[in-house]
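Right, one structure below, let's go through it.
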């Protein structure tokens, strides 16, 4: 009986150590750590204890993870894509994802990122015709930018490429 208690204690420590080792590489969400520990063969009780301990030490903090994620990936993606990745791939709650994105990314910042992404895409694809701007809009949509951000970016790019009368929404 004492042997099994000793083994359980050893497994709890090793589950925590495995979690810390996994977190040492880069920040992870709680779900990612849980999935990794399950994949390594740890039981639910061991995994939950290791996660609780890691949270107590501040190694797992989903709110901070969302903030870091938006800071890193926000330059290339719009709100919708960021929220999708956080919720579906990283296991963050939808409410926490929305609130974290709203706190970390203002409308003006997102508008600037959409414009910069549109400019970069238009240069890379050598957009010279007004009708080809729809490709830029489709690209921004795939990147998760919202319609008003896309329209704003397309109008600015059209103005830059085609002059003052480049408003694409009036065609």
With the checklist (1) out of contact with any helix residue (DSSP H, G or I) (no Cβ under 8 Å at 6 or more places or on another chain); (2) in a loop (DSSP other than H, G, I, E, B); (3) within 21 Å of residue 32 (Cβ to Cβ) in hand, flag the one item residue 65 doesn't pass.
(2)
I'd like the full set of residues that are touching a helix residue (DSSP H, G or I) at 6+ places or on another chain (Cβ under 6 Å), without any contact (Cβ under 8 Å) to a residue 60 or more places away in the chain and surrounded by fewer than 20 Cβ atoms within 10 Å (Cβ to Cβ), limited to the stretch 76-91.
87
Among the residues of the stretch 88-97, the number that are in a helix (DSSP H, G or I), within 17 Å of residue 64 (Cβ to Cβ) and under 10 Å from the mean Cα position of the chain (by Cα) is 1
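Could you list all residues from the stretch 118-134 that are surrounded by fewer than 18 Cβ atoms within 10 Å (Cβ to Cβ), within 21 Å of residue 75 (Cα to Cα) and touching a helix residue (DSSP H, G or I) at 6+ places or on another chain (Cβ under 8 Å)? Outline the logic, then answer.
We begin by selecting, within the stretch 118-134, every residue surrounded by fewer than 18 Cβ atoms within 10 Å (Cβ to Cβ); these are 119-120, 123-126, 128-132, 134.
With the extra rule that they be within 21 Å of residue 75 (Cα to Cα), the set shrinks to 119-120, 123-125.
Result: 119, 125.
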Out of all the residues in the stretch 96-105, is one or more surrounded by fewer than 16 Cβ atoms within 10 Å (Cβ to Cβ) and farther than 30 Å from residue 34 by Cα?
no
Looking at the stretch 1-35, which of the residues that are in a loop (DSSP other than H, G, I, E, B) and more than 11 Å from residue 54 (Cβ to Cβ) is modelled with the lowest pLDDT?
1
Specify which of the listed residues (38, 72) is assigned to a helix (DSSP H, G or I) and within 12 Å of the chain's Cα centre (by Cα).
72
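Take the conditions free of Cβ contacts under 8 Å to residues at least 40 places away in the same chain and closer than 29 Å to residue 28 by Cα and apply them to residue 71. Does it pass?
Working: free of Cβ contacts under 8 Å to residues at least 40 places away in the same chain: yes; closer than 29 Å to residue 28 by Cα: yes.
For residue 71, the condition - free of Cβ contacts under 8 Å to residues at least 40 places away in the same chain and closer than 29 Å to residue 28 by Cα - is met.
The values are calculated or read from the model by the stated rules, or taken from the named source; none is laboratory data. Computed from a predicted structure; not experimentally measured. Every residue, glycine among them, receives a Cβ derived from its backbone with ideal geometry; neighbour counts consider all protein chains shown.
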